[in-house]
Each structure stands twice: as structure tokens, then as C-alpha cells.
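Okay, so here's the structure we're looking at.
The values are calculated or read from the model by the stated rules, or taken from the named source; none is laboratory data. Fair warning: this is a prediction, and the values are worked out from it, not measured in the lab. As a convention, Cβ positions derive from the backbone with ideal geometry for all residues, glycine included, and neighbour counts pool all protein chains shown.
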Amino acid sequence: MIDILWSLPLTLLVFFAARKLAIKLKMPLLNPLLMSMVIIIPLLLVTNIPYTRYFAGSKILNDLLQPAVVALAFPLYEQLHQIRARWKSIISICFIGSIVAMTTGTAIALWMGATPEIAASVMPKSVTTPIAMATAQSIHGIPAISAVCVIFVGILGAVFGHSILNVLKITTKASRGLAMGTASHALGTARCAEMDYQEGAFSSLALVICGIITSLLAPFLFPVLLALFGH
Amino acid sequence: MNNALSLAFHYIRAFILIYLCLFAGNAISSLLPITIPGSIIGMLILFGLLSTQILPFKWVKPGCNVLIRYMALLFVPIGVGVMNYYEQLRTQFGPLVVSCLVSTIIVLLVVAYCSHYIHGDRGAVTDKAEKKND
């Protein structure tokens, strides 16, 4: 319990310092989450403090992830008129995106010789952490590895997503938001919301719909992919 | 002083409502035969309450905004947990990194182009465009 005294301030300090620096220097690679990991992990290793103690101290932040997912209802509500106008196309796009995300990730992992356990952990990588961990559990993956993949994918999207979309000349807010939300879940959404409110709303729309689709389809899709690769 | 009190009240009310939705979502999730996380159901509940105007959006706005703005911070504790899986990550490093990387780029491409193709160059829906679509 005493760990909260150093762990929480450390997390907050590192995160907000990185955030301030990232805004000031306008460098996407200085992603606050990435910077926090890069600073805190070596710090714990050098001081020989076990991760469990760090986590116990910062657990309150982790506990806020669930209400944060609930809070995503708000930007969704604010974009209600957008959803009403094109809900069919939005759901179809998210459906295609989720299937592509699950099949490509799992297939590439299996093709490169990953164990079924690892492939199952990769499968839900494009949805937000709480959903990904629950989904990984249901298809016998390792939830912690899924969390790592989720964060990796999220950072990829948050750091490079907008550059890639700019190169592709995708300028509409709907397309940018949907692509980021489908590919990079909450981290992509957080990045979109920083740039533009409407983009953030579409991104959270994709995040939510893809999360639901993925958690529903993964248990059926995974055995098919495993069979295809002869496991 | 009065202002600070009312501000605190607004935040507390928002958080209580968000947590109520979460608890309801968790309760429903435990009853369902398939695994849909309670937080997702909670979000759908809150969305339902807001869009049917049962819950005034002003009641949850402060809490929602603060949670969404600092969402990346909430991932830090799990993110640091990478250090515990060093061995597994090292042995499966190639497949993990390549599959995540390639798949993310493919998803970005597919979704961006699909959406661009379907929605065209239209920007956000304006009132006019909305009527046309209806």
C-alpha cells in the first residue's frame, strides 16, 4: 500500500513531463506512453524494484481504464447525427476492418512460426486493452502479451498513423478517425482527439464497434486460422 | 468558494453516473454466455441513456472529458508490465513485432480507403447532407 507514495507520483510526473515536452517540441515519437515506459522500466530494473510493487502503487490508474471505456459514450453521443446518417457504412467498414485486423495479425504470426498461444495473443491486438485481454483469455492466449501487442499497435498508430494517412492523402475526418480507431484503438483515439474533436469522435466510434465485433468473432475465427496453418 | 464547490459537485456527479453504468454493465456481462467486457456494455448503457435524453449530457460531461483526455496515462501501469514478459517476448520477438506492424499498416490502408471510397470526399455530415442521406 505504501508503494502508492512513490509509484503514482513517479508515473504522473514522467507522463506529464513527456506530454508537455511532446506538445512543445511537436514530435510524435515523444509519445507520452512510450516515454513513460522507456523511463520507468529501466528505473525499476536499476533499482531492483519488482513490477508488482510498481503496479500496486499505480493500480488506481489501471482501475480507471474501465470507466474511461464507459466515458467513450460521450463523444459517441455528441456525434449521434453523424452516426444516424451513415450507420450502415460505418458498421460495414468496422466489420471489414476488424476481420482484416484479426486475420492478418494472426496469419502473419503463425506464418512466421509463432506458437498458437502467441498467435491467439496477437489476434485481438487492434482493440482496446480491456477487450483485448478478455478476448485473448477466451481463445487461450496470454492476456499480458495481448496487452503488450495492444500497446505496441497503439503507439504505432499514435506515432505514425497520421503521417501514413497524410501520405495516402486521406483528408476526410471520418476516414481518418475510423482508420485510426480500427487500427489503434484507444491510443489512436486519444491522438485523434488531441488533433481534432470530430476525428476523435469517429475514432471512438470505430474503437467501440470494432471492440464489440472482435470480442464476438475471435472465438470462431481463431480455430479456422489455426486449422488453415495446420495446427 | 461556492464555485469550487459546484465544480466539485459536477465532477463527483459525473463520476458516480459513469461508475453506475459500469457496474450495471459488469452485472449484465456476468449474466451473458459470451465474453463481452462489462465496460463495453456500460458504455452502451450510457450511450443509450444519453441518446434517449433520459440523462442530460451535462451531468456526465466533466467526468467523461477528463477520462478521455488522459486516457493514455491509464495505460502506463500495464505498459510497464512488458518488463515481466521479457523471456517470452524475446523468443517470439520476430513474429510478434512483424505481425503487429504489418497488420496495423494493412488495417489503416484498408479502412482508410474503404471509408474514403464509401464516404467520398464529403467532409463531416452537415444538416443538408444528413437530410439527403435519410
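With respect to A:Val100, determine if the residue is modelled with pLDDT of 90 or more, closer than 28 Å to B:Arg90 by Cα, facing another protein chain (nearest Cβ under 8 Å) and out of contact with any Leu (no Cβ under 8 Å at 6 or more places or on another chain). When the stated conditions are applied, A:Val100 passes them. Looking across the stretch A:83-121, the residues that are of a type in the set (A, V, I, L, M) and either outside any helix (DSSP H, G or I) or not assigned by the TED database to the domain that holds A:Phe222 (or both) come down to A:Met112, A:Ala114. May I ask you to verify whether B:Val66 is surrounded by fewer than 18 Cβ atoms within 10 Å (Cβ to Cβ), over 17 Å from A:Val208 (Cβ atoms), at the interface with chain A (Cβ under 7 Å from one of its Cβ atoms) and modelled with pLDDT of 90 or more? No: the conditions fail for B:Val66. Could we say that B:Leu46 is at the interface with chain A (Cβ under 7 Å from one of its Cβ atoms) and either in contact with a helix residue (DSSP H, G or I) (Cβ under 9 Å, 6 or more places away or on another chain) or in a helix (DSSP H, G or I) (or both) here? Answer is yes for this residue. Is at least one residue of the stretch A:62-83 over 22 Å from the mean Cα position of the chain (by Cα), loosely packed, with under 15 Cβ neighbours inside 10 Å and more than 7 Å from chain B (Cβ to nearest Cβ)? No: zero hits. Could you pull out every one of the helices (runs of 4 or more DSSP H) wholly within the stretch A:130-231 that has 2 or more residues that are closer than 30 Å to B:Val66 by Cβ, more than 7 Å from chain B (Cβ to nearest Cβ) and in contact with a Gly (Cβ under 6 Å, 6 or more places away or on another chain)? In the stretch A:130-231, the matching helices (runs of 4 or more DSSP H) lie at A:173-195, A:197-228.
Checked against (1) touching a Ser or Thr at 6+ places or on another chain (Cβ under 8 Å); (2) surrounded by fewer than 18 Cβ atoms within 10 Å (Cβ to Cβ); (3) at pLDDT 75 or above; (4) not hydrophobic (A, V, I, L, M, F, W, C), B:Tyr85 passes all but condition (1). Filter the stretch A:133-174 down to the residues that are of a type in the set (A, V, I, L, M) and touching a residue at least 60 places away in the same chain (Cβ under 8 Å), then identify the one that is nearest to B:Val111 (Cα to Cα). Among them, the one singled out is A:Ala174. Within the stretch A:204-231, being surrounded by 22 or more Cβ atoms within 10 Å (Cβ to Cβ) and either of a type in the set (Phe, Trp, Tyr) or over 17 Å from A:Val100 (Cβ atoms) (or both) holds for A:Ser204, A:Leu205, A:Val208, A:Phe222.
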